[in-house]
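Engineer: What follows is a single structure, and I will ask about it in a moment.
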Amino acid sequence: MSSWLSMLPETLRISVPYACAAVAGVWAERSGVIHIGLEAVLLTSSFSSVAAAVASGSLLVGMLAGVLAGVVVSVGHALLVERARVDAVVSGVALNLLAYAATRLALRGLYDSASNSPSIAGFDLGPKGGDVGAMLARVLLDPVTLGAALVIAASPWLLARTRLGLRLRACGESPEAARSLGIDVVRTRVLALAISGAIGALGGVHLAFDQHRFESGMSAGRGFIALAAVVLSGWRAGRAALACLVFGALEALQIALQDVSGTSKATTLVQLLPYVATLVVLALGIGRAAAPRGLGQRVDDG
Amino acid sequence: MDGLLLELVKVSRSFGATRALHELDLRLSPGRITAIVGENGAGKSTALRLCAGELAPDAGEVRVGGRALHPARPEEAIRRGVGLVHQHFMLVDGFTALENLVLGAEPMRGLRIDFAAARREACALAERTGLEVDFERRAGELTVGERQRLEILKVLYRRARAVLLDEPSAVLAPSEVGELYAALRRLADDGATVAVVTHRLDEVVRFCDEALVMRRGELAARTPLGAERPPELVAELTRAIMGREPPAPLGRPAAPDPGPEPVLELGGVELRDAAGRRLLDGISLALSAGEIVGVAGVDGNGQRELVRVCAGLERATAGTVRVGGRDPFAGVHPGPAAVRAARRAGLVVVHEDRQREELVLAASLGDNALLGDLGAGHDAERVARRLARFAVEPATPRLPAQALSGGNQQKLVLGRARDRQVRALVVSQPTRGVDVGTARRIQTALAEAAAAGAAVLCVSADLSELAALCHRIVVVRRGRIVCELPPDASEDAFGRAMLGVEAA
């Protein structure tokens, strides 16, 4: 029984990296930059956060280092695409592969391990104990989760109501029009990707701190699921985060079902559940969603 | 409003090997409407874009209010009070008109944009200038006229004291053109500098104070338009533009005897979009051999869809298209197979948007000239013939199509269409953005096609073109033919039919 109730805190905990990556994707693509390198953002930020936490002994320093890494990767993508004119899909794939290899290499170099880093302490705020209330309190009091919730909640408003949001969306819808009004499209997009990187990085940091260590390839495709959520939401931050919550719930359900079913073959099938659900929803919903019109369009300087 | 003098001083500018402007001296003075006229590729748009900081000169100086425009960027030009309305509207379709208006110059209230203040200012501005727009609608849903007004409001909202417009009237109905110039006149009277690039000389003579004639990147003549505006003025301007005698007026071929069977017949053609709205609502038309029929109407009333159905790109949800009594699309899926079927039947179509529907801009002129006839053999010969048909300039087959000016692109498109086996010709906006001389040649070619026995259906926003060319003209509104008018019907009668206003 407790495993069913515990699905609520589990859902929230599981959803954070997905939601961060998805909202990061929305920020990037609303500005017109195709961003399939979310996986790279997650991986580099989780590794950097753990490495900095191990080196400094401070989780806060780790968190900042993670966010910084996400910003660097994301801005790097923006500069490659907008300044060096690299194809955005190529750049994204390259960053994903590079991030996977580079974090493995760094694991080997720093900790002489092929699979994982040494353990770090978590924030571990909130009451101890195994009951659902305590679990929920711990999830909700986690500083990374709180930070992520804050920026995710603020994102729709920031995109809709602020000067930066309006200009960023203009660059995503019609870069030509934006430029004709004196808006620096490249600079706006780089800024959008910096914000995107910071938000996505919170997801990576959460992933690592939740496991109390970095594991090679620990993003495990979350960046791609997040991309699906971006498309599904019609490039809207709030809906994308909501889609990730649903996905998190499915994954929590899957874990709960595993507890029930034990180690039968059915377990493997149950693990497919969230992914099959994503595919089905994408297939049903994708026709209605409209991408930003200027997605992937560059502007030429006169 | 303080006057803002714009000057180009010995300005040169090239695009690759093409020289657009050569030591051009140009002055745009406050308080008047200056028209800039010239052939395609004469450098009119380039001159405007230089004034607006969108291009930097290779040599010479752009001066705004006596000081050099530096750096040559749009934001600097906007800051100094110069606003440019582009030929192709620069609106964000997904944004509301209000969002478009404030974009780049947002009134702020703390962190957020103060849309309430923006709305107040927008309404005040609209009232002062007479440029009415529904600010809550998305830009993509506005009519062409409203989009144009919004573009001008955008410029004024940025406190522009010089308003430059590139081909503002090409897409407007006659009454809207009058309103546009009335608004521009108010601005000029208020002290603003107003400059208009246009091909429509009748407008220049009717509404402008001065005409600057450009030829091959240089200023060829400056014609002040005083109180006296004799009708010969148009011919005089035409001569200055072309640098030689204007072409003889177009002789419309005599109306043919209706044959026993129409060559091109549309029978109750209906087209619905995915949401079930009728884009075409029972269009019926029959054209005999040798007949030229015009289609007039405000842009976006089904003209584009009508042409696409004829081309086989859309399948009519009801009704048929027949060429010589046969339906070329029977049993064919819409798309490439239908386009081929139409061409086989001798139904040749020229779409309105040459850059998106006719040409592959990044491909060479040679490849573009052969589009649709690849593998038919005699390539070099065919390319040379099609480039020469309307004298595409430069006629270098290796050059990418995007290196051509708009008018030259159109020459290529028509040269290609006219070179095919034609039983029925459907053309849309054949001379949009094309200079006088070339326009006349294109119109003559259409008349010749008809004289040779083809049925010609011509969609155009230019009423004087339709009046000169067509035997009869149908007016479309909301996907229906609302009436048929003789070519000598008054502009007023057309305007009322197009806008659906009953005669008073």
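Engineer: When the expected Rg is taken as 2.2 N^0.38 Å, what fraction or multiple of it is the alpha-carbon Rg of the range B:264-499?
Structural biologist: Output field value: 0.98.
Engineer: Calculate for chain A the 222 nm mean residue ellipticity that helices alone would give, adding -39,500 (n - 2.57) per DSSP H run of length 4 or more and normalising by residue count, nearest 500 deg cm²/dmol.
Structural biologist: -24500 deg cm²/dmol
Engineer: From the backbone phi of the range B:215-231, what are the Karplus-calculated ³J(HN,Hα) couplings (6.51 cos²θ - 1.76 cosθ + 1.60, θ = phi - 60°) in whole Hz, Gly and Pro given as x?
Structural biologist: 9, 6, x, 10, 7, 9, 7, 10, 10, x, 9, x, 5, 7, 10, x, x
Engineer: Additional query: Average partner chain C-beta neighbours within 10 Å, per residue of B:99-111?
Structural biologist: 4
Engineer: Whole number in Å², please: accessible area per residue of the range B:347-425, 1.4 Å probe, ligands, DNA and RNA not counted.
Structural biologist: For the range B:347-425, the per-residue accessible area is 44 Å².
Engineer: Right, next: Please name the residues of the range B:51-95 whose accessible area, counted over protein heavy atoms with a 1.4 angstrom probe, falls by no less than 20 Å² between the chain alone and the full protein assembly.
Structural biologist: Buried by the other chains: B:E54, B:R73, B:P74, B:E75, B:I78, B:M90, B:V92, B:D93, B:F95.
Engineer: Also, quick follow-up: What are the ³J(HN,Hα) couplings of the range B:444-460, residue after residue, when phi is run through the Karplus curve with 6.51, -1.76, 1.60 and θ = phi - 60°? Round to Hz, x for glycine and proline.
Structural biologist: Working through the residues one at a time gives 4, 4, 5, 4, 5, 4, 5, 4, 7, x, 7, 8, 10, 10, 10, 8, 8 Hz.
Engineer: Could you work out the pair-distance distribution P(r) of the protein assembly as shown from its alpha-carbon pairs, with 10 angstrom bin width and percents rounded to whole numbers?
Structural biologist: Over the protein assembly as shown, the share of Cα pairs per 10 Å bin runs 2, 12, 18, 20, 18, 13, 9, 5, 2, 0 percent.
Engineer: Could you give the accessible area per residue of the range A:19-89, probe 1.4 Å, as a whole number in Å²?
Structural biologist: I get 30 Å² per residue for this part.
Engineer: In deg cm²/dmol and to the nearest 500, what is the mean residue ellipticity at 222 nm of chain B if only DSSP H runs of at least 4 residues count, each as -39500 (n - 2.57), divided by the residue total?
Structural biologist: That comes out to -9500 deg cm²/dmol.
Engineer: Here's something else I'd like to know. What are the residues whose amide H is under 5 Å from the amide H of B:L219, where those residues sit 5 or more places off or on another chain and H is modelled from the backbone?
Structural biologist: B:D25
Engineer: Multiplying the sequence separation of B:S14 and B:D419 by 0.36 nm and subtracting their Cα-Cα distance, what value in nm do you get?
Structural biologist: That pair, B:S14 and B:D419, stretches by 142.6 nm at full extension.
Engineer: Rounded to the nearest 0.05, what FRET efficiency is calculated for B:R229 and B:R67 with R0 set to 41 Å and r the Cβ-Cβ distance?
Structural biologist: 0.70
Engineer: Over the range B:66-175, average the accessible area per residue using a 1.4 Å probe and give it in Å², no decimals.
Structural biologist: Spelled out: the 1.4 Å probe surface of the range B:66-175, per residue, equals 40 Å².
Engineer: Please work out the FRET efficiency for the pair A:A134 and A:A154, using the Cβ-Cβ distance as r and a Förster radius of 35 Å; give the result to the nearest 0.05.
Structural biologist: The calculated FRET efficiency here is 0.80.
Engineer: While we're here: Name the residues whose placed amide hydrogens come within less than 5 Å of the amide hydrogen of B:A424, ignoring near sequence neighbours (fewer than 5 apart) on the same chain.
Structural biologist: Residues meeting the amide H criterion: B:L347, B:V348, B:A455.
Engineer: Please list, ordered by chain and number, the residues whose modelled amide H lies under 5 Å from the amide H of B:L225; skip anything fewer than 5 residues away on the same chain.
Structural biologist: B:E210, B:A211
Engineer: Where does the Debye-calculated log10 I(q)/I(0) of chain B sit at q = 0.06, 0.09, 0.11, 0.12 Å⁻¹, using only Cα point scatterers of equal weight, no solvent?
Structural biologist: These q points yield log10 I(q)/I(0) values of -0.29, -0.67, -1.00, -1.18.
Engineer: Find the sum over both chains of the accessible area lost when B and A are paired, probe 1.4 Å, and report it in Å² to the nearest 100.
Structural biologist: For chain B against chain A, roughly 2100 Å² becomes buried.
Engineer: Could you put B:H471, B:H70 in order of accessible surface area, largest first, with the 1.4 Å probe and the full protein assembly present?
Structural biologist: B:H70, B:H471
Engineer: So, one more: Among B:57-68, B:431-442, how do they line up by average Cβ neighbours within 10 Å per residue, starting with the highest?
Structural biologist: The most tightly packed comes first, giving B:431-442, B:57-68.
Engineer: May I ask you to work out the translational diffusion coefficient for the range B:178-227 at 25 °C, viscosity 0.890 mPa s, via Stokes-Einstein with Rh from the Kirkwood sum over Cα pairs, reported in whole µm²/s?
Structural biologist: It diffuses with D of about 207 µm²/s by this estimate.
Engineer: Once the other residues with Cβ under 11 Å from the Cβ of B:T438 are scored (Lys, Arg +1; Asp, Glu -1), what is the net sum?
Structural biologist: For residues surrounding B:T438, the net value is 0.
Engineer: Net charge within 11 Å of B:L103 by Cβ-Cβ distance, Lys/Arg positive one each and Asp/Glu negative one each, not counting B:L103 itself?
Structural biologist: +2
Engineer: For the range B:6-242, just the Cα atoms, rotate onto the principal axes and tell me the three extents in Å, largest first.
Structural biologist: 53, 40, 30
Engineer: Excluding B:V482 itself, calculate the net charge of residues whose Cβ lies under 11 Å from the Cβ of B:V482, where each Lys or Arg counts +1 and each Asp or Glu counts -1.
Structural biologist: With Lys, Arg at +1 and Asp, Glu at -1, the neighbours total +2.
Engineer: Sticking with this one: Above 17 angstrom, tally the Cα pairs of the range B:125-201 and express them as a % of all pairs, no decimals.
Structural biologist: Of all Cα-Cα pairs in the range B:125-201, 41 percent lie more than 17 Å apart.
Engineer: So, one more: Using the Karplus equation 6.51 cos²θ - 1.76 cosθ + 1.60 (θ = phi - 60°), what ³J(HN,Hα) coupling, rounded to whole Hz, does each residue of the range B:59-66 give in order, writing x for Gly and Pro?
Structural biologist: Values, residue by residue: 8, x, 9, 9, 10, 10, x, x Hz.
Engineer: Now a separate question. May I ask what percent, to the nearest 5, of DSSP beta bridges between residues of chain B are antiparallel?
Structural biologist: 55 percent
Engineer: Now, a different point. How much of the DSSP beta bridge set in the protein assembly as shown is antiparallel, as a percent to the nearest 5?
Structural biologist: The antiparallel fraction comes to roughly 55 percent.
Engineer: Compute the convex hull volume of the Cα atoms of chain A, divide it by the residue count, and report the result per residue in Å³ as a whole number.
Structural biologist: With only Cα atoms used, chain A gives 135 Å³ per residue.
Engineer: Calculated FRET efficiency, B:T317 and B:E141, Cβ-Cβ r, R0 30 Å, to nearest 0.05?
Structural biologist: Once rounded, the FRET efficiency stands at 0.85.
The values are calculated or read from the model by the stated rules, or taken from the named source; none is laboratory data. Remember, it's a predicted structure, so these values are computed and weren't measured experimentally. Counting neighbours? That spans all protein chains shown, and the Cβs are built from the backbone with ideal geometry, glycine included. In case anyone asks, the SASA skips ligands and DNA or RNA and just uses the protein heavy atoms, side chains included. Shrake-Rupley method; radii C 1.70, N 1.55, O 1.52, S 1.80 Å.
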